[in-house]
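Here the structure is laid out as structure tokens; the discussion comes afterwards.
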Amino acid sequence: MDKSEIRAVLSVYRPGDPETEDPRLQQAKAAAAADPELAQWWAEHQEFDRIISSKLQSGEVPAGLRSRLSAWEKRTVQRSNWNRGFLLAAASIIALAVLFGSWRGPFQPAPSLAEYRDELVSFVKLDPPLELRSSEIVRLTEFLQKNGAPSQLDIPRGLRRLDPAGCRTLRFRGQDVALICFKREDGELVHLFAVKRGALPRLGQKRETPEFAAQGDWMTAAWGGGDYAYLVAGKGDRASLEKYFGTS
Amino acid sequence: MVHVADVEFERLVEDFYMPLYRFGLSLSRKESEAADLTQHTFLTWAVKGHQLRDPAKVKTWLFTTLYREFLAEKRRAAHFVETEEETEFVEPPHFSPSVANAIDANIVQKALLNLEDRYRAPVTLFYMQQHSYREIAEILEIPLGTVMSRISRGKAEMRRSLDDLTTIEARKIVSLTNEGQNG
């Protein structure tokens, strides 16, 4: 093996992995041990891998994901008391439910507004990665429509006066959620979520006026309009959101 | 004997939801899809996990399930079928660790996502440092030699991509500095 081949072989060597103990890798390792230049190259290569690994593992995971999974944990604890035959039958039903898009989780009642609010607010507490950045609301709604998310939105007049920052789609218990972020006057973002009303049956068919609720130092407002359930979330107190609804 | 079904679900979620999400993100390149893939993986575990007899295989099972779901969902299996067996390793271009250390994590993530599909999945699993080569081969259902070759080529490609991205970033900084000085 020449030095280039040795470097190529060493590039896949992983200390402790049984698959990298084969003769070719051992030969390359021995060559590196006998050649200071190769030894230096290999040390740097391993250091590079360690750095890249560490940076990739520091990547952000959406805050709402853990809480979404927690909802299942609580229910699956009961599973050990169920017989396996029943689970197999349930699996078939679940598979069909997933296929037809109506899945809401194992033995899981329709989510409450509080669950929806908690999960989505936790998602945007750190500025969310946007799939489309644009200040043109038409472009954003076109994008949402193209991606199967709610798009015929009735946006409160106060929000429409703000410049949009962008949008993205999310999934909540099998339902597509549209998210549009607007730039507030103070530089922070205010977030508008929309999901089909069927996803939140407990919101109530008649709730057309916003229901305000605080979550930590964030304020939210939820209401139903047409086919959709809306949620607006932003950092601040109730007054900081009310102004978008023309109630203050 | 400890049965796999007795493995505490909560602990599984705690241990694996982040690496599964990151693997899902590297495959789909979309956060929302990565979250759905992770969710689906645990859903499948809740329903079928009891079928697994060997508790030591839980980790591989979860990653395989996510990968299969990704392929099924995207109907992109054909993109992953190789007509030619790859077994050769390539020498990666030199990249100084001190430069790597200074690179923003988002740029590293971008370089990973820039990789071709066939390299991205094995390179992601490699850098997670949770799987042996044999486990990566099991998860991706490709031969061991192909896994090692793709990791070798993928790592080399990633270095080239990182080099390009850091050059672009450096130009932006120089340009902004010049603008600042001129303005």
Please give the average number of partner chain Cβ atoms lying within 10 Å of the Cβ of each residue in A:19-27, rounded to a whole number. 2
For residue A:2 paired with residue B:110, estimate the spin-label separation in nm (one decimal), with each label point 7 Å from Cα along the Cα-to-Cβ line. 3.6
Pulled fully out, how much extra length does the chain show between residue B:168 and residue B:8, if you take 0.36 nm times their separation in residues and subtract their Cα-Cα distance? 52.9 nm
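How big is D, in µm² s⁻¹, for the range A:148-218 by Stokes-Einstein at 25 °C and 0.890 mPa s if Rh is the Kirkwood radius over C-alpha pairs? Before the final figure, lay out the partial values.
Details: Rh = 13.7 Å.
After rounding, the answer is 179 µm²/s.
Determine the dipole magnitude for the range A:1-65: charges of +1 sit on the beta-carbon of Lys and Arg, -1 on that of Asp and Glu, nothing else is charged, the reference point is the Cα centre, and the result goes in debye to the nearest 20.
Values: 7 positive and 12 negative charges, 19 e Å.
Roughly 80 debye, rounded to the nearest 20.
What ranking, highest mean first, results for peptides B:44-54, A:219-229 when packing means the other Cβ atoms within 10 Å averaged over each residue?
A:219-229, B:44-54
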Report the calculated FRET efficiency for residue A:157 and residue A:63 (r = Cβ-Cβ distance, R0 = 30 Å), to the nearest 0.05. 0.50
Highest to lowest packing among A:32-43, B:116-127, scored as the average C-beta count within 10 Å: B:116-127, A:32-43
In this model, which of A:29/B:155; A:243/B:30; A:55/A:235; B:110/B:155; A:146/B:48; A:183/A:243 are farther than 24 Å apart at the alpha-carbon? A:243/B:30; A:55/A:235; A:146/B:48
I'd like to know which of A:228, A:214, A:241 lies farthest towards the positive end of the charge dipole of the range A:180-248, counting +1 on Cβ of Lys and Arg and -1 on Cβ of Asp and Glu. A:228
Given the options B:130, B:98, B:115, identify the residue whose Cα lies farthest towards the positive end of the charge dipole of the range B:83-157 (+1 on Cβ of Lys, Arg; -1 on Cβ of Asp, Glu). B:98
Estimated inter-spin distance, residue A:208 and residue A:30, nm [label 7 Å along Cα→Cβ]: 8.5
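For peptide B:149-156, what's the mean number of Cβ atoms from other chains within 10 Å of each residue's Cβ? Don't skip to the end; give the middle numbers.
Numbers: counts 1, 1, 3, 5, 3, 0, 6, 2.
Going residue by residue through B:149-156 and averaging, the value is 3.
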Sequence order, the range A:150-165: Karplus ³J(HN,Hα) from phi using 6.51 cos²θ - 1.76 cosθ + 1.60, θ = phi - 60°, Hz rounded, Gly and Pro as x, gives x, 9, 8, 8, 9, 7, x, 4, x, 6, 4, 6, 8, 7, x, 9
Residues with amide H under 5 Å of residue A:228's amide H, sequence separation 5 or more or different chain, H placed in the peptide plane at 1.01 Å from N; which? A:197
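Mind checking the mean number of beta-carbon atoms from other chains within 10 Å of the Cβ atoms in B:100-106? Don't skip to the answer; put the middle values down first.
Numbers: counts 9, 7, 1, 3, 1, 8, 4.
Mean number of neighbouring Cβ atoms from other chains: 5.
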For the pair residue A:185 and residue B:98, how long in nm is the line joining their label points, each one 7 Å along Cα→Cβ? 5.1
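Each reported figure results from applying straightforward, stated rules to the coordinates on display, with no laboratory input. In this text the structure is predicted, and so the values were computed from the model without any measurement. Neighbour counts are summed over all protein chains in view; Cβ atoms, including those assigned to glycine, are modelled from backbone coordinates with ideal geometry.
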